[in-house]
Amino acid sequence: MAGFLVLVAAALLGLCIDGSGVAEAGREAPGTTARRVHTLFSVECQNYFDWQTVGLMHSYRKAQQPGPITRLLSCTDDEKKKYKGMHLAPTFEVPSMSRHPKTGDWYPAINKPAGVVHWLKHSKEAENVDWVVILDADMIIRGPIVPWELGAEKGKPVAAYYGYLVGCDNLLARLHTKHPELCDKVGGLLAMHIDDLRALAPVWLSKTEEVREDRAHWTTNITGDIYGKGWISEMYGYSFGAAEVGLQHKINNNLMIYPGYTPQEGVVPILLHYGLSFSVGNWSFRKLDHHEDAIVYDCGRLFPEPPYPKEVNMMEPDKNKRRALMLNLECINTLNQGLLLQHAANGCPKPNWTKYTSFLKSKTFAELTRPKQLTAATLRFEEPVHVVQEVQQEVVDEPGKPYPKIHTLFSTECTPYFDWQTVGLVHSFHLSGQPGNITRLLSCTDEDLKQYAGHDLAPTHYVPSMSRHPLTGDWYPAINKPAAVLHWLNHANTDAEYIVILDADMILRGPITPWEFKAARGRPVSTPYGYLIGCDNELAKLHTRHPEACDKVGGVIIMHIDDLRKFALLWLHKTEEVRADTAHYATNITGDIYASGWISEMYGYSFGAAELKLRHQISSGILIYPGYAPAPGIKYRVFHYGLEFKVGNWSFDKANWRTVDVVNKCWAQFPDPPGPSTLDQTDNNKLQTDLLSLECIKTLNEALHLHHKRRNCPDPNSDAAEEVVVSRKLGKLDGSFGLGSNRVQTNHSEEIPEPTLTDGMFSSVRFLVIALWAFCGLGFLTIAWVLFSGRKGKGKRGKSYRIKRRNSGTGFMDISSRDRHLRGVEVPL
């Protein structure tokens, strides 16, 4: 009997679905005949996709989405034998490609394009369709998605914006499509003409396979994939495939929203994509926490109950933030309402009454979730921006025109962590041939300065520390960078025309000049920081009047000093502003994987520059992270070792050396990496990557070795350590900067020559010379005193007394005293 009821319920659900499709299939554009719409989504035979299917199907009915809907179900034969969810949605079965039949690669995301190709080829439904809407399973539909009402045209699909697909802007696009200029960063929601889909689908699949196999370019700096695992290859397969067949998207950033985001005023999203975690007060939801959850088949069980709308109205006075929280509630409540109805359709007994289930069945909830209609603000399109990675070109010098003066700055604090970075950067500065002077901006408290021993590591400008904000008390050391630049501009004298700003954790490999990288007044140069997604969403709209001018840049900056003088104060103020905006720390808004506001200074830079409409010349050929695959033919000028990098079983992560003092401990350095001869020579991309990693750590260790040598550290294989004592007592004996120099706390920014190296032998000779001078001087004084005394006492003393007196005088410095002096023991002279 129970089985019969399940079959009846499933049949009724199917009728309701088909009926809604028939009722809405006649939705027409003015002055046209009926246009047939079909909605597709792709899943696998798993509990994880079953509860998502229930939520999407329920929202499909509530939103009155026109036309039929089809679930593309990718399963193996073994999975189908055990699968319980065939009744959850109208289904078209697709052979699973999770395990690639040819390569054996495990990549379930490929089932999406493979499923679409199979549906187009084998489904009779595909023969009676004009327009197709493609969604993901983890979505909630809020209102009808009608392609022509969204602005879709044949050859011009409508899609949501996926700004993190940075590969559209760099060599990845050039490698995988003949038309990189047409690569659009889109995904999530796709609405296109069936003819466009027929042209695109097989290329979408083949490009997905192609990108997936291109392991050499999976790195985060190339793909934007924070895991560097090639997991978003399918998304690139779509963008590259669309570029290949000449599709130009109408990009809309308002139709779809992630719960947790705040919609702009007037925007009514018609699609919720709950791919990221979201919260309301102390309640939160994360889809990955329910990866194996059989909640669809567990009678009466729903996802954890969230707060009620009345509670949100009381807890959040801000209207825009309240809207965002209401969207979060709508998402989870629609999922739970779908589960409640599905449990009934499964033949589950009627659940006990609760306040929450009563709310889900109430007119109040029905009113809150009635189908949403498009607004003018929702239909606003984004202009696609294509920034194809530049290839460095040879610069032709203009005869007779002098190059402008350059000054290089970097910011640090009074800690051992920054000291070893300073040693590495300053050493590489001298090796690189970088023109002009370099200045360390040292931000320290008064207490820090009393104990600090590294004043002589670099030419230094001292800056009051803002790590603990003087007004708010917020602990945020990164704010010292803009604060220090501003302080330097206001207090230092410079005749430089261009300023190069670096981070301490960098190694220079070659000069960074404005004439080579085309910097100009009003046109600074910087490197791409694609993870600053806040430039593309509401964060930029909240914090700058010109969000369209927000550039995702950082790391290396080349800027005309006139621009820097106008900009520095804004950089500081915008950093404070973004840091104070804790409501928008979320990863989906900032791109900060820790959601802690730690990259507020980076946004302060981008938003401050946008305020002045300083548009950057973005160069991908200046900086590389060790461990990332280099682009062919690019001579990178800077290593930025901000992330862990590995060569075989050896690895280096700067964070592991945060409290280790390798500068003041003689001969301390980082663990030696493998030798170049041990590297795999068969994979050239991997070989080049590893060679760059070795170069970075080798330069750091060379810098530390030379630093210890300048400190006159004793040979670790000898017992000459006592020589260092005399060296420190006598102070700085040469022009190099070492620990023996007397500290004078003044701000100076003079150009420093490459330090002259001194070794223990040279120091010993000096001490012998000093000792000889001292001995001669004492001998002269002794003789003079004896002669004077002899003359004064002439005629009163006998010969024997004079001999005795002379003999006693020579004992003032005996052989043992002289030996101690020459060995470096302090002797009163």
Give the number of residues within segment 649-667 that are open to solvent by 60 Å² or more (accessible area, probe 1.4 Å) and either over 24 Å from the mean Cα position of the chain (by Cα) or not β-branched (Val, Ile, Thr) (or both). 5
Are there any pairs with C-beta distances below 8 angstrom linking a residue in segment 651-670 that is closer than 18 Å to residue 713 by Cα to a residue that is among the hydrophobic types (A, V, I, L, M, F, W, C) and part of a strand (DSSP E or B), with the two at least 6 apart or on different chains, and if so which? 670/652
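Name the residue, out of 116, 132, that is of a type outside the set (Gly, Ala, Ser), modelled with pLDDT of 95 or more, open to solvent by less than 10 Å² (accessible area, probe 1.4 Å) and not in a strand (DSSP E or B). Full working, then the answer.
Details: 132 fails: not in a strand (DSSP E or B).
Testing whether each residue is of a type outside the set (Gly, Ala, Ser), modelled with pLDDT of 95 or more, open to solvent by less than 10 Å² (accessible area, probe 1.4 Å) and not in a strand (DSSP E or B) leaves just 116.
Looking at the structure I just gave you, is residue 302 without any contact (Cβ under 8 Å) to a residue 60 or more places away in the chain, part of a loop (DSSP other than H, G, I, E, B) and out of contact with any Asp or Glu (no Cβ under 7 Å at 6 or more places or on another chain)? Talk me through it step by step, then tell me what you get.
Working: without any contact (Cβ under 8 Å) to a residue 60 or more places away in the chain: yes; part of a loop (DSSP other than H, G, I, E, B): yes; out of contact with any Asp or Glu (no Cβ under 7 Å at 6 or more places or on another chain): yes.
It is true that residue 302 is without any contact (Cβ under 8 Å) to a residue 60 or more places away in the chain, part of a loop (DSSP other than H, G, I, E, B) and out of contact with any Asp or Glu (no Cβ under 7 Å at 6 or more places or on another chain).
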In the list 224, 188, 167, 228, which residue meets the criterion of being over 16 Å from residue 112 (Cα atoms), surrounded by fewer than 22 Cβ atoms within 10 Å (Cβ to Cβ) and small (Gly, Ala, Ser)? 228
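Rundown of residues vs (1) in contact with a strand residue (DSSP E or B) (Cβ under 8 Å, 6 or more places away or on another chain); (2) under 22 Å from residue 576 (Cβ atoms); (3) touching a residue at least 12 places away in the same chain (Cβ under 8 Å), yes/no style:
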residue: 459; (1), (2), (3): yes, no, yes
residue: 467; (1), (2), (3): yes, yes, yes
residue: 472; (1), (2), (3): no, yes, yes
residue: 479; (1), (2), (3): no, yes, yes
residue: 486; (1), (2), (3): no, yes, yes
residue: 490; (1), (2), (3): no, yes, no
residue: 497; (1), (2), (3): yes, no, yes
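Which members of segment 263-287 meet the condition of being in contact (Cβ under 8 Å) with a residue 60 or more places away in the chain, touching a strand residue (DSSP E or B) at 6+ places or on another chain (Cβ under 9 Å) and assigned to a loop (DSSP other than H, G, I, E, B)?
263, 267, 269, 270, 274, 275, 276
Any idea which of 576, 601 is at pLDDT 95 or above and within 19 Å of the chain's Cα centre (by Cα)?
Details: 576 fails: within 19 Å of the chain's Cα centre (by Cα).
The conditions single out 601.
For segment 67-97, how many residues meet the condition of being in contact with a Cys (Cβ under 6 Å, 6 or more places away or on another chain) and farther than 16 Å from residue 294 by Cα? I'd like the intermediate steps shown before the answer.
Pass one, segment 67-97, residues in contact with a Cys (Cβ under 6 Å, 6 or more places away or on another chain): 75, 79, 83, 96.
Narrowing the set further to residues that are farther than 16 Å from residue 294 by Cα leaves 75, 96.
Number of matching residues: 2.
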Being touching a helix residue (DSSP H, G or I) at 6+ places or on another chain (Cβ under 7 Å) and more than 25 Å from residue 621 (Cβ to Cβ) is the filter here, so list the residues in segment 549-570 that pass it. 565, 568, 569, 570
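If you take just the strands (runs of 3 or more DSSP E) that sit entirely in segment 473-545, which of them hold at least 1 residues that are among the hydroxyl-bearing types (Ser, Thr, Tyr) and open to solvent by 10 Å² or more (accessible area, probe 1.4 Å)?
Details: elements: 498-502, 506-508, 525-528.
Strands (runs of 3 or more DSSP E) meeting the threshold: 498-502.
For residue 553, are the conditions met, namely being touching a Lys or Arg at 6+ places or on another chain (Cβ under 9 Å) and of a type in the set (A, V, I, L, M)? Reasoning before the result, please.
Numbers: touching a Lys or Arg at 6+ places or on another chain (Cβ under 9 Å): no; of a type in the set (A, V, I, L, M): yes.
Considered against the rule, which asks whether it is touching a Lys or Arg at 6+ places or on another chain (Cβ under 9 Å) and of a type in the set (A, V, I, L, M), residue 553 comes out as no.
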Please work out which residue is most open to solvent (accessible area, probe 1.4 Å), limiting yourself to segment 71-109 and to residues that are β-branched (Val, Ile, Thr) and out of contact with any strand residue (DSSP E or B) (no Cβ under 6 Å at 6 or more places or on another chain). 103
Breaking point among (1) open to solvent by 40 Å² or more (accessible area, probe 1.4 Å); (2) among the hydrophobic types (A, V, I, L, M, F, W, C); (3) within 30 Å of residue 371 (Cβ to Cβ), for residue 280: (1)
Residue 238 passes all but one of (1) at pLDDT 95 or above; (2) surrounded by fewer than 18 Cβ atoms within 10 Å (Cβ to Cβ); (3) of a type in the set (Ser, Thr, Tyr); which number fails? (2)
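Out of 131, 106, which single residue is aromatic (Phe, Trp, Tyr) and more than 33 Å from the chain's Cα centre (by Cα)? Can you show your working first?
Numbers: 106 fails: more than 33 Å from the chain's Cα centre (by Cα).
Only one candidate passes the filter, namely 131.
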Does residue 289 satisfy the criteria of being acidic (Asp, Glu) and open to solvent by less than 30 Å² (accessible area, probe 1.4 Å)? no
For the structure I just gave you, tell me whether residue 233 is polar (S, T, N, Q) and either closer than 25 Å to residue 588 by Cβ or under 26 Å from the mean Cα position of the chain (by Cα) (or both). yes
Please work out which residue is nearest to residue 266 (Cα to Cα), limiting yourself to segment 340-374 and to residues that are open to solvent by 40 Å² or more (accessible area, probe 1.4 Å) and β-branched (Val, Ile, Thr). 364
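Check whether at least one residue in segment 595-618 is free of Cβ contacts under 8 Å to residues at least 24 places away in the same chain and either among the hydrophobic types (A, V, I, L, M, F, W, C) or touching a helix residue (DSSP H, G or I) at 6+ places or on another chain (Cβ under 8 Å) (or both), and report yes or no. Can you show your working first?
Going through segment 595-618, the residues free of Cβ contacts under 8 Å to residues at least 24 places away in the same chain turn out to be 595-596.
Checking the rest, the ones that are also either among the hydrophobic types (A, V, I, L, M, F, W, C) or touching a helix residue (DSSP H, G or I) at 6+ places or on another chain (Cβ under 8 Å) (or both) come to 595.
Among the residues of segment 595-618, at least one is free of Cβ contacts under 8 Å to residues at least 24 places away in the same chain and either among the hydrophobic types (A, V, I, L, M, F, W, C) or touching a helix residue (DSSP H, G or I) at 6+ places or on another chain (Cβ under 8 Å) (or both), which makes the answer yes.
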Can you tell me how many residues in segment 647-689 are touching an Asp or Glu at 6+ places or on another chain (Cβ under 9 Å) and among the basic types (Lys, Arg)? 2
Can you find even one residue in segment 57-64 that is among the hydrophobic types (A, V, I, L, M, F, W, C), more than 29 Å from residue 260 (Cβ to Cβ) and out of contact with any Ser or Thr (no Cβ under 9 Å at 6 or more places or on another chain)? no
How about segment 219-262: which of its residues are on the phi < 0 side of the Ramachandran plot, in a loop (DSSP other than H, G, I, E, B), out of contact with any Asp or Glu (no Cβ under 7 Å at 6 or more places or on another chain) and not basic (Lys, Arg)? 219, 225, 226, 227, 245, 248, 254, 255, 258
Filter segment 688-718 down to residues that are charged (D, E, K, R) and touching a strand residue (DSSP E or B) at 6+ places or on another chain (Cβ under 8 Å) and give me whichever is surrounded by the fewest Cβ atoms within 10 Å (Cβ to Cβ). 695
Mind checking whether some residue in segment 136-151 is open to solvent by 20 Å² or more (accessible area, probe 1.4 Å), in a helix (DSSP H, G or I) and touching a residue at least 12 places away in the same chain (Cβ under 8 Å)? yes
Hits in segment 310-322 - residues which are part of a helix (DSSP H, G or I) and either in contact with a Ser or Thr (Cβ under 6 Å, 6 or more places away or on another chain) or surrounded by fewer than 18 Cβ atoms within 10 Å (Cβ to Cβ) (or both): 310, 311, 313, 314, 315, 319, 320, 321, 322
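The values are calculated or read from the model by the stated rules, or taken from the named source; none is laboratory data. Everything numeric in this text was worked out from a predicted model, so none of it was measured. Backbone-built Cβ (ideal geometry, glycine too); neighbour counts: all protein chains shown. The protein model used for the area step is the full one, side chains on, heavy atoms only, and it has no ligands, DNA or RNA in it. Shrake-Rupley method; radii C 1.70, N 1.55, O 1.52, S 1.80 Å.
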